[in-house]
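The values are calculated or read from the model by the stated rules, or taken from the named source; none is laboratory data. Because the structure is a prediction, the values reported are computed rather than measured. Neighbour counts are summed over all protein chains in view; Cβ atoms, including those assigned to glycine, are modelled from backbone coordinates with ideal geometry.
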Amino acid sequence: MIKVTSTEKAPAAIGPYSQAVSANGFLFTSGQIAIDPAVGDVVATTIEGQAEQVMKNISAVLEANGLTFADTIKTTCFLADMGDFGAFNEIYGKYFTNKPARSCVAVKTLPKNVLCEVEVIALLK
């Protein structure tokens with residue numbers, strides 16, 4: 001059975017997709033960008049500020065499923081500029097202390113011209 005996640009503590013999807021879905025013991029999140037759900041738009045302008053907001057959004061989706069960052073087994077990170085890799089890693093490392101498997105790539109453009117996006121696969125409890 002597939003379960004769809006919807007929480008007001010994370011930004012609503014800006015397209016025809018869900019914040020996350022769970023199936024067969026795993027949670028798959030959609031990519032989270034730096035939208036502040038309180039205002040419905042991107043507020044932060046630096047990689048550090050946007051990465052912090054992304055982590056808050058991921059946390060909200062994980063919490064809606066009774067999970068934490070420690071339950072994450074794989075992440076995929078997208079950066080608009082690989083020059084932000086070090087600063088992004090500083091923020092990322094504060095949250096993903098269990099060091100899940102990860103891919104990190106630079107892309108030409110991200111939704112709303114944000115600087116980073118992260119998606120997560122987590123193990124359900």
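Data overview
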| quantity | calculated |
| --- | --- |
| Residue among PRO16, PRO11 that is exposed (fewer than 12 other Cβ atoms within 10 Å of the Cβ) and either of a type outside the set (Gly, Ala, Ser) or more than 15 Å from CYS77 (Cβ to Cβ) (or both) | PRO16 |
| Boolean, PHE28 is outside any helix (DSSP H, G or I) and modelled with pLDDT of 95 or more | yes |
| Selection count where residues are over 20 Å from ALA122 (Cα atoms) and more than 11 Å from the chain's Cα centre (by Cα), scope the range 13-49 | 17 |
| Unique residue being part of a strand (DSSP E or B) and not basic (Lys, Arg) when the list is VAL21, VAL39 | VAL21 |
| Set VAL39, VAL105, VAL114, VAL118: member being aliphatic (A, V, I, L, M) and within 24 Å of ILE2 (Cα to Cα) | VAL118 |
| Near pairs, Cβ below 6 angstrom, 6+ apart or cross-chain, from the range 24-37 (under 12 Å from ALA51 (Cα atoms) and among the β-branched types (Val, Ile, Thr)) to any residue that is modelled with pLDDT of 95 or more and in a strand (DSSP E or B) | ILE33/GLU117; ILE35/VAL42 |
| Matching residues in the range 40-66 - criterion: being among the acidic types (Asp, Glu) and either surrounded by 13 or more Cβ atoms within 10 Å (Cβ to Cβ) or modelled with pLDDT under 95 (or both) | GLU48, GLU52, GLU63 |
| Answer residue from the range 81-96, given it is under 15 Å from the mean Cα position of the chain (by Cα) and not charged (D, E, K, R) and is surrounded by the fewest Cβ atoms within 10 Å (Cβ to Cβ) among those | GLY93 |
